[in-house]
Structure formats: C-alpha cells, structure tokens
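All of the numbers you see were taken from the coordinates with simple rules; none came from a lab. All figures in this text were calculated on a predicted structure; none of them were measured in a lab. All Cβ positions, glycine included, derive from the backbone under ideal geometry; neighbour counts span all protein chains shown.
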Amino acid sequence: MILSLQSQKIPLKEIVVIDDGSEDKTSEIANNNNCYLVKNSSNLGRGYSRNLGVKNSTSEFILFCDSSNLIRHDFTEKAILHFEDPLVSAVFGRIKNEKSLNDRYSRWRGRHLFREHLPQRKDVHPVNCLITYAVVLRKDAIEAVGNFNEGLKKCEDIDLGKRLSDQGFKILSDPSLCAYSIRRETMFSLCLRFNRWFSNDSEKSFRVFPTFWNTLRSCYGIYAKEDLKSRDFGSFIISLIMPFWLTAIGLFSPRKLN
C-alpha cells in the first residue's frame with residue numbers, strides 16, 4: 001500500500017500510518033518507508049484511528065487508503081480535480097480484487113461484496129454515503145462536522161457521510177477511481193468483513209438471530225444462486241455456510257463483531 005502512495009503522480013506531502021494495536025510488522029514497515037507513525041497502545045477501532053489520521057495530517061486534502069488496498073498512480077491526480085467545487089468534501093470510487101487473486105474467498109468477496117460482475121455507472125455522480133477504502137477528503141469539511149466518531153469501531157464512514165450530507169457538503173463517486181484489494185481472506189475474516197459491510201452505525205451490538213435470518217435470506221436467496229450461475233462451486237459452499245459461521249462467531253466471539 002505504501003509503495004502505491006509513494007508512486008502518486010501528485011507527490012504526497014506526508015504519509016501518516018496509524019498502527020491500531022497491530023501484532024504484525026506494521027510499525028517496522030512504516031518506519032522503514034519514512035512514514036509518520038502513530039501507534040495506538042491497543043486496538044481502539046476504526047473511528048478512533050481515522051480521527052487520529054485527520055488530526056495528525058497537516059494537508060488541506062487527505063487521502064485515506066486501507067492497508068490491504070492498492071491504488072493507481074493517478075488516483076490523487078484524478079480525485080483532486082473535483083475539489084474545485086468548494087462544497088465537495090469527499091471523492092471515492094470502486095473497489096475490486098487485485099487481478100492475481102483467484103481463490104474461492106476472493107471470488108466470493110469480488111462477486112458478493114465488491115459486486116464486480118454487475119454493470120457500473122460510468123459518470124461522476126453525487127452519493128449520500130461515504131466509503132473510505134480509498135478516498136480523498138477535504139480536511140476543513142471533515143473538521144467542520146466533528147471529524148470521525150472515535151467511539152465507532154465500524155460504520156465510522158457511514159456516520160461521517162451522514163453528517164457531511166446533513167451540513168450541505170457533497171460526496172462524489174468517480175468510477176474512474178479504483179482501489180484494488182490485495183488481502184487474502186479466510187472464512188473467519190470474510191465473515192467479519194461481511195458483517196461490517198452490512199451493519200449500520202446505529203447497531204451497538206451484534207444481534208444474533210436477526211443477523212442470522214438476514215444473512216440466510218441473502219446467501220440462499222441471492223448469493224448461492226449467483227454462484228451456481230457462475231459455476232463457482234467453491235463460492236457456493238461459502239454462501240451455504242456463511243450464515244452459520246457468522247452466527248457461531250456472534251455467539252462465541254461477539255467482541256470480534258462489535
């Protein structure tokens with residue numbers, strides 16, 4: 001991810017890495033690549049960490065990019081053009097699997113979360129939601145509505161997007177902007193991502209039975225059928241077991257989902 005940021009046509013003034021209590025080599029990689037490192041003492045969540053990212057940035061515009069994603073070298077060059085309109089607060093685009101990923105978990109994610117197989121709009125258009133897997137934000141607009149809610153462990157972008165829209169700021173989707181996920185999922189991590197994507201910021205805790213029935217309807221009524229249509233039997237199995245696996249996590253490891 002850092003290399004794709006360093007290769008931007010419009011050079012970035014700074015790269016701030018928020019290490020949210022990781023147990024991997026995040027801090028070492030950040031230091032080795034001359035990034036400004038902010039290290040949380042423990043895992044404090046997405047809202048807290050994004051809030052820190054805004055506070056520690058000294059630039060007028062902020063590019064957020066998840067550590068598991070890559071962006072093309074012209075991402076910021078294309079995005080920054082939209083900010084000629086002073087009411088534009090954020091610009092983002094699509095997300096896809098990086099082309100080398102073709103395992104069953106990546107295929108399932110690409111089809112059912114990223115919706116890669118569906119026709120997409122080709123025009124730049126306003127939206128009422130904010131998605132932050134790769135996004136350029138106007139700092140003063142974010143601060144004007146109170147920054148990311150540091151108490152939210154998920155849906156922090158949805159919450160901020162609502163406040164931006166309520167205050168009259170514009171959020172744009174530009175299909176020419178794309179993030180490429182390089183993360184290799186497991187069944188466990190795929191369940192966590194699925195739950196995060198389809199939660200909302202008003203849900204303070206994981207609700208076992210409503211989540212089970214909603215997931216069952218989606219997986220059996222839509223996803224499994226799409227897998228069979230694509231003759232993707234590996235993904236089909238994932239669709240069949242997803243409701244039960246997600247429910248088991250909610251019962252035995254609820255903190256992972258909240």
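Computed from backbone phi, the HN-Hα couplings of region 48-56 come to 4, 5, 5, 4, 4, x, 5, 4, 8 Hz, rounded to whole numbers (Karplus: 6.51 cos²θ - 1.76 cosθ + 1.60, θ = phi - 60°; Gly and Pro given as x). Here the contact order of region 11-95, divided by its residue count and restricted to Cα pairs under 8 Å and six or more residues apart, works out to 24 percent.
Taking amide H positions as modeled 1.01 Å from N, with prolines and chain starts lacking one, the residues under 5 Å from I95 and 5 or more places away or on another chain are A179. Here the Karplus relation 6.51 cos²θ - 1.76 cosθ + 1.60, evaluated at θ = phi - 60°, turns the backbone of region 249-256 into coupling constants of 5, x, 7, 9, 9, x, 5, 5 Hz, with x for every Gly and Pro. Label-to-label distance for E84 and F188 is 5.0 nm, based on points extended 7 Å past Cα in the beta-carbon direction. Across the options T76, V54, F236, the greatest Cα extent toward the positive end of the charge dipole of the chain (unit charges at beta carbon of Lys, Arg, Asp, Glu) belongs to F236. Summary value for the chain: 22 percent relative contact order, contacts being C-alpha pairs under 8 angstrom separated by 6+ residues. Taking F233, F114, F194 in turn, the Gaussian network model of the chain (Cα-Cα springs below 10 Å) assigns the largest fluctuation to F233.
Exposure proxy ranking for I62, I238, based on other Cβ atoms within 10 angstrom of each Cβ and starting from the fewest, stands as I62, I238. The distance from the alpha carbon centre of region 149-169 to that of region 57-86 is 18 Å, rounded to a whole number. If you average the alpha carbon positions of region 171-216 and of region 5-23, how far apart do those two centres end up, in angstrom? Rounded to whole Å, the Cα centres lie 24 Å apart. About its Cα centre, the chain has a charge dipole of approximately 880 debye under the convention of +1 per Lys or Arg Cβ and -1 per Asp or Glu Cβ, with nothing else charged. Converting phi to 3J(HN,Hα) with the Karplus coefficients 6.51, -1.76 and 1.60 and the offset θ = phi - 60°, region 141-153 yields 5, 4, 5, 5, 9, x, 6, 5, 6, 6, x, 8, 8 Hz in sequence order, with x at every glycine or proline.
Multiplying the residue separation of R196 and K39 by 0.36 nm and subtracting their alpha-carbon distance yields 54.2 nm. Multiplying the residue separation of C129 and L12 by 0.36 nm and subtracting their alpha-carbon distance yields 39.6 nm.
Rounded to the nearest 5, the antiparallel percentage of DSSP beta bridges internal to the chain is 55%.
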